[in-house]
Amino acid sequence: MEWVNAVVQGLFLGGSYALLACGLSLMFGVMKIVNLAHGALAVVAAYLALSLIEHTGMPAFATLLVVVPVFAVVGYAMQRGLLNRALKFGELSPLLVTFGLAVIIANGLQQLWSADSQAIKIGALSTASFQPGADLSVGLFPLLTLVVAVVVISAIQLFLARTRTGRAMRATRDDGDAARLMGIDDRHLYGVAAAIAVATVALAGVFLGMSTQFTPTYGDLVLIFAFEAVIIGGLGSLWGTLLGGLVLGIAQTVGAQLNPADGILAGHLVFLAILLLKPSGLFPKAVPA
Amino acid sequence: MTHLLEVEGADVLYGEFQALHAVDVRLTEGETLAVIGANGAGKSTLLKLIAGAMRPRSGVVRLDGADVTALPEYARVRSGIALTPEGRRIFGSMTVEENLLVGAHSKRPGPWDLASVYEAFPILAELKGRRGGVLSGGQQQAAAIARALMSNPRLLLLDEVSLGLAPVVIADIYAALPRITAKGTTALIVEQDLSQVLKAADRVQCLLEGRTVLEASAADVTRDQVAAAYFGLERKAS
């Protein structure tokens, strides 16, 4: 039974990884940008939520109503102001720009908040749980995180599949030059994709801050987990990212069940094994040439 | 009288290489112009210039009298220029119908929508759920023309429609052309293959090494005149 429990807990942990990773996956999928500031942005969102709570007395979940829209605007501005310009100099430049951003953000947070660890308090919800089986305990907050991850990823998928802007994004991903000839302004479109990506990472960051303690440099770890989820699932596929997050979460909790100190190591090993055996990921995007 | 399209004195360069030398093109509304010439004559460059994918070093592009030289390609689609690019460039992971809907991204009003495009190209109605990447060359070409029409262009630019297609497929595609121009769409067709395009066009303009060497009404011009201009025989003779 303890193994079933480990898998179930892993599923919920994976929900939080999937939520963290879907923005990374979207940005890579639409504009081939690897956003190394992704983890740092998640942590900034958590700090922003924290200071809103401290300064305005806002309830923890209400901060999402401010943080998520603010980060959507930040994402759009970051894309139009920095990354679109960087893209003109090749694929490597956005990588360097986002790396620089990640360093600036982590150091800026350290200046403002010191290196002490922080947490967003959500009261009784953080420990609330129910018992669906004898030895099985399900935390309400991890369950909520998983549900939010599934809802967010489904919503983005629907958006890409059904809306005019979503179609334009897929067309741009297939062939950017041809898409411009269809009247699609790719600079704006990239801005919208980045706005969605950064809004989701803000949501994920606040949830992360509610579930664990974080420090200004916590983004590095977040980035690694998000990356592993994206690669395990298959680049450019959002359903793959969801699956990748879940696989990573389960690998970590099952690994920890084997030996409490080896959870994260087990996650890395599964990631490496998939890179070795199926480098295109579990759910590769089937794009014919 | 204002022309629908006016290209005046266009010089276009790829780095050091000059692809177009002071080229002029004029098209009146409703007309079909064939721009012909050998490989490297500057035909595709001319289309890229008109569609906004390239900028001239000097010269002007006007649509209905308005200077559009500085407009990027996506803005030109909104003002009524659509290009069916060389190589067709169908979005491979999207279905035929999705490709067509992307063509309508600019939301320009006009006679073309899914229904009328399927009427002009019945084959596309049958294939609408098929992914672009698995279509044959001829099906892709039909889809690419239909996709361009979805933006309800005033000026339709067709680049190398016949390239890589079987003669019977080429004939099919040219057969659809009158249905398009009948709706008032002005067309500029670039071709290397003369067999079909001379029948479809009102006027012919032949390019050689980036310069216009022949302009004539398609009805008056003889194949010998075209061939001479095409290969530059006239210049060597004079």
Do the conditions hold for A:Ala102, that is, is it touching a residue at least 12 places away in the same chain (Cβ under 8 Å) and farther than 22 Å from A:Asp186 by Cβ?
yes
Picking from A:Ile184, A:Ile153, which residue would you name as being closer than 29 Å to B:Pro85 by Cβ, touching a helix residue (DSSP H, G or I) at 6+ places or on another chain (Cβ under 6 Å) and modelled with pLDDT of 95 or more?
A:Ile184
Can you say whether A:Val230 is touching a residue at least 60 places away in the same chain (Cβ under 8 Å), surrounded by fewer than 24 Cβ atoms within 10 Å (Cβ to Cβ) and touching a helix residue (DSSP H, G or I) at 6+ places or on another chain (Cβ under 7 Å), as far as the supplied structure shows?
no
Any helices (runs of 4 or more DSSP H) falling wholly within region B:148-233 and containing at least 3 residues that are in contact with a helix residue (DSSP H, G or I) (Cβ under 6 Å, 6 or more places away or on another chain)
B:167-181
I'd like the full set of residues that are buried (at least 21 other Cβ atoms within 10 Å of the Cβ), under 25 Å from the mean Cα position of the chain (by Cα) and either basic (Lys, Arg) or more than 7 Å from chain B (Cβ to nearest Cβ) (or both), limited to region A:167-190.
A:Arg167, A:Met169, A:Thr172, A:Arg173, A:Asp186, A:Leu189, A:Tyr190
Taking region B:213-232 and keeping residues buried (at least 20 other Cβ atoms within 10 Å of the Cβ) and either among the small types (Gly, Ala, Ser) or modelled with pLDDT of 85 or more (or both) leaves B:Ala229
When B:Leu124 is run through (1) without any contact (Cβ under 8 Å) to a residue 60 or more places away in the chain; (2) crowded, with 19+ Cβ neighbours inside 10 Å; (3) within 13 Å of chain A (Cβ to nearest Cβ), the failure sits at (3)
Out of all the residues in region B:103-147, which are outside any helix (DSSP H, G or I) and more than 24 Å from A:Thr165 (Cβ to Cβ)?
B:Pro111, B:Phe121, B:Leu127, B:Leu135, B:Ser136
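Yes/no matrix, rows are residues, columns are (1) closer than 13 Å to A:Tyr190 by Cα; (2) modelled with pLDDT of 95 or more; (3) of a type in the set (S, T, N, Q):
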residue	(1), (2), (3)
A:Met1	no, no, no
A:Asn5	no, no, yes
A:Gln9	no, no, yes
A:Ala18	no, yes, no
A:Ala21	no, yes, no
A:Val30	yes, no, no
A:Val34	no, no, no
A:Gly39	no, yes, no
Picked from region A:236-289 (must be more than 14 Å from every other protein chain (Cβ to nearest Cβ) and among the β-branched types (Val, Ile, Thr)), the residue nearest to A:Cys22 (Cα to Cα) is A:Thr241
Could you please tell me which pairs satisfy a Cβ distance under 6 Å, a separation of 6+ or placement on different chains, a first residue in region A:19-38 that is farther than 13 Å from A:Val198 by Cα, and a second residue that is assigned to a loop (DSSP other than H, G, I, E, B)?
A:Gly29/A:Gly236
Restricting attention to region B:129-180, which residues are farther than 19 Å from B:Val77 by Cα, within 13 Å of another protein chain (Cβ to nearest Cβ) and surrounded by 15 or more Cβ atoms within 10 Å (Cβ to Cβ)?
B:Arg130, B:Arg131, B:Gly132, B:Gly133, B:Leu135, B:Gln140
Could you check region B:1-79 for strands (runs of 3 or more DSSP E) lying wholly inside it with 3 or more residues that are at pLDDT below 95 and over 28 Å from B:Gly110 (Cβ atoms)?
B:5-14, B:17-27
From the list B:Leu83, B:Leu100, which residue is within 14 Å of another protein chain (Cβ to nearest Cβ), of a type outside the set (D, E, K, R) and either within 19 Å of B:Arg26 (Cα to Cα) or in a strand (DSSP E or B) (or both)?
B:Leu83
Do you know which residues across region B:43-80 are buried (at least 20 other Cβ atoms within 10 Å of the Cβ), at the interface with chain A (Cβ under 9 Å from one of its Cβ atoms) and of a type in the set (D, E, K, R)?
B:Glu73, B:Arg76
Does B:Leu13 qualify as being under 30 Å from B:Leu208 (Cβ atoms) and under 19 Å from the mean Cα position of the chain (by Cα)?
no
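The values are calculated or read from the model by the stated rules, or taken from the named source; none is laboratory data. All of these numbers come straight from a predicted model, not from anything done at the bench. When we count neighbours, we look across all protein chains shown, and the Cβ atoms used for this are built from the backbone with ideal geometry, even at glycine.
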